[in-house]
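Throughout, read-outs are computed from the coordinates displayed, never taken from laboratory work. All figures in this text were calculated on a predicted structure; none of them were measured in a lab. Here Cβ is always computed from backbone atoms with ideal geometry, including for glycine, and neighbour counts include all displayed protein chains.
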Amino acid sequence: MRFFVVCPGGLEVPLAQELAEIAGRPECKALGAWVIDPTPTSPTGGVGLAAPLSAAMALNLHSRIASRVLLQMAQAPYRQEEDLYKLASGLAWEEWFTSKQTLRVDVTAHRSPLKSLNFATLKIKDAIVDRLRDVTGDRPSIDTAFPDVRVQAHLTATQVAIYLDTSGEALFKRGWRDEKGDAPLKENLAAGILSFTAWKPGQTLFDPMCGSGTFLIEAAQIALSIPPGAIRAGMYGDDAKSSRLAYRPLITSAHGFGFQRLKPFNESAEQKRWVDLKEGALAQMLEKRKQFPGVEALQITGGDINEKLVSMFKGNWQRAQLPDQPVVRQIDALAAKPPGGVGEGVMLLNPPYGERLVIKGGRGQDRAANQDARYDDLDEPDNRFELNLETGRQSAKRSSRESLKKLQAQEEQDPKFVEFLRQFGQHLKDDFGGWNIFVLTADMALPGQLRIKESKRTPLFNGPLECRLFKFEMHAKRPT
């Protein structure tokens, strides 16, 4: 089978590395041969591979960086909308789902000659519905909000590819986030950024502006080999309930992924493979718990000046099935010191553009509410960025992009925040010698504001917002 694993733009290289690691797991090797496409040298929005059908289960369970796992149903040349109808109507959809299940169809394009993507979507939807009606005597209903089955098509200038979405809800929805907090960061983007830092489990990791803890929770789960899909896979049974904001009402432990609502994956052989995959993951988790028996052994710590966000982080940590309470405290980033007096480590942060720097009340709480709304706006079905398979570039609505740019420009001009960055840069020089500092921001002028020369900058997208991951190598002070 052919798959396309979608990821945020800029994370194609770490995704390809992750896919190779997943394919090398003993329980994944047992499924059959995996052939991963060459690592893209430019943004493609994902990585393709050939693998057994069962690989969809392993990818959804284990991939931290993927947004979706798409199973290719067909690919063919086209010239007009009728060609799309003929291709889609010739596929045996009845072998994958029933007419009693609800359906959603999405179409993206790159340089397609067709005038209307809406009309192209309608033709593919009609083809699927007509096919099921002819074969079963009944037709499925369309549900754009909470569909049982998602079909994705992508148009290039001459080719159309049609996919079944095996993920259902986007994979960044792990199940542990109960409150989005301020400056929300998607979990799969956080995991991809961690791979750029070269941080390894057991090494000190510190986030002085941790917010609701996305970076630190992803790192702790990596250290403990907790699959990102563990909650959605029901691996904890009744001990872990997904949060009320984790994903849409359709998702339960019995149907946490899209493939669980597709006929072939409910056959006994595939069900047995699914159990084996989860048991293999659980055995690895138990081994890692011996290596990191408590939270102190993880050496993963954080701080934030906002008491409410520190509380959110603690709740998210527990829902993520991580040990004890996280090592975190309410503190001004300008007063934060290296954890345990460690002379070197990795600092990773996503600055909150100024307004999260308020301790309580005021604009900080308004900001959190606005950020929650924005996080929802970036989610499906409104955001098309993570469905763009061709370019890896975001294609969100222009108005959304323009409003974000205006907000960013306003924040860049905040003199109080500019002064904070100057002080923070000096604080890093004075107290974090020997550390590698990584900062994700949409402010391209950040190095100048910190007054530190970056050693590397990596282009990334946080939803529709273009960002940079800046690396700063802090030189250790020479003894006097």
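Give me the percent of Cα-Cα pairs in segment 80-197 that sit more than 25 Å apart, rounded to a whole number. More than 25 Å apart: 38 percent of the Cα pairs in segment 80-197. Taking 7 Å steps out from each Cα toward its Cβ at K477 and Q17 produces label points 3.3 nm apart. Computed from backbone phi, the HN-Hα couplings of segment 194-202 come to 4, 5, 6, 7, 6, 5, 10, x, x Hz, rounded to whole numbers (Karplus: 6.51 cos²θ - 1.76 cosθ + 1.60, θ = phi - 60°; Gly and Pro given as x). What you get for segment 60-166, charging only the Cβ of Lys and Arg (+1) and of Asp and Glu (-1), is a dipole of about 340 debye around the Cα centre.
The stretch between V135 and H255 holds 40.6 nm of extra length on full extension. This uses 0.36 nm per residue minus the Cα-Cα distance. Counting every other Cβ atom within 10 Å of each residue's Cβ, I36, I331 order from fewest to most as I331, I36.
In this model, which of K416/K453; K308/K429; K29/K186; K263/K290; K290/K429; K290/K337 are farther than 32 Å apart at the alpha-carbon? Over 32 Å Cα-Cα: K263/K290; K290/K429. Using R0 = 25 Å, the C-beta based FRET efficiency linking T41 and T156 works out to 0.85. Shown in residue order for segment 19-30 are the 3J(HN,Hα) couplings computed by the Karplus curve 6.51 cos²θ - 1.76 cosθ + 1.60 at θ = phi - 60°: 4, 5, 5, 5, 4, x, 5, x, 5, 7, 4, 5 Hz (x for Gly and Pro).
For F461, the amide hydrogen comes within under 5 Å of the amide hydrogens of G9, C467, counting only partners 5 or more places away or on other chains and with H modelled in the peptide plane. Counting neighbouring Cβ atoms within 10 Å and putting the fewest first, the residues H475, H427, H62, H110 line up as H475, H110, H427, H62.
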